[in-house]
Structures are given as C-alpha cells and as structure tokens.
C-alpha cells in the first residue's frame, strides 16, 4: 500500500507540474457495472455450481463506483490526469442449515489517465476517448477475518461526451473499474 500511495503522489505532482498556466477539469461521477462487481458476481455463481451442499442463496449489494477525476490539458486535443474510484460491495450467504455469513469488500482505486478529444476544444459538446491504468486496494472483511490485497486497475472509454462549457454534464461508455456507464458533473477551473 505504501508503494501505491507513493506512486499516486508522484502521479499527482507530475500532473500538477504540467498544469502550469493550463486549464483543469474537475469531475465527480457515479458508475455502474464495474469490474469488481462483475468479478464478485461471477465468483459467487461459480462457487455455487462447484461446491455441493454449499449455500442456498446469496444477497449481493453495492455502492456503485463513486469516482473523481482531475484532468490537465497540456495540448488542445490531449488531456492527462488522475482517476480515483471508491466502491463497496457486500455479499450475504445463506446456508441450508439456517446460518448466514457476510463478506464486505472495499475497493479504493487510483489510476493515471489520458484522454484524446475527437472534437475541437471550443465546441459545446465534446466527444473524447480515454484510458486509465493504476492500482486498486482491496480490503475484505468476513467471518471474523480481514484481508488486504492490491490488484491492477484499468478503465477504457472508447466514447465519452461532455456537454457544457465551464460547468458541464458528462457521460462515458467503457469497461473497467469506473463501470460500463459512468456519468457526472464537470467543472473547468
């Protein structure tokens, strides 16, 4: 975790150094159908089929992907910055003998990001693509046990749209830790 935080700090300092006399874009959004949700759902389905006499039902819930981005524009068509994502998922397993167990996972994700704009900078509606890569810190709690892991994190957005000038709405369709659909508000500073 210490290495991840050092890497994140380095990325933030590098991004800010590129931002001298440049515009910044601060984004706050929410995403659904994320890689952690897909992985946890598939592992539950596989475990149900592979473990005879296991649990009788599973109730899964989650927060979705709460995310924030800070982007800088070193060039007119390119931007770079950081993505941060927080997601919590909970699975409650009910067994045939009436007992239950709960697993809670918290994902904290930090990624470097690069964007390419398909449209000109001064358009009210901007179309873009982005790619992000970094690390996700997973904290799991269940059955009296705690575990922490770090895993590779990514997000690819082939099409995103930002509608507005200084303050705007954005929506992205992609795949990764921010979700298949991610939308929110954007403010250029």
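Worth a mention:
- The stretch 44-189: projected area of the alpha-carbon convex hull, averaged over directions, in nm²: 10.1
- Normalised contact order of the stretch 71-189, rounded percent, pairs of Cα under 8 Å and 6 or more residues apart: 19
- On a per residue basis, the convex hull of the C-alpha atoms belonging to the stretch 149-189 measures out at 89 Å³.
- Efficiency of FRET between residue 78 and residue 119 - r from beta-carbon atoms, R0 22 angstrom, step 0.05: 0.95
- Computed log10 I(q)/I(0) for the stretch 102-180 at 0.11, 0.15, 0.25 Å⁻¹: -0.41, -0.64, -1.10, from the Debye equation with unit scatterers placed on every C-alpha and solvent omitted.
- A straight chain from residue 169 to residue 141 at 0.36 nm per residue would run longer than the Cα-Cα distance by 6.5 nm.
Read-outs: derived from the displayed coordinates by stated rules, not from any lab. Since the structure is predicted, the reported quantities are computational estimates derived from the model, not experimental observations. As a convention, Cβ positions derive from the backbone with ideal geometry for all residues, glycine included, and neighbour counts pool all protein chains shown.
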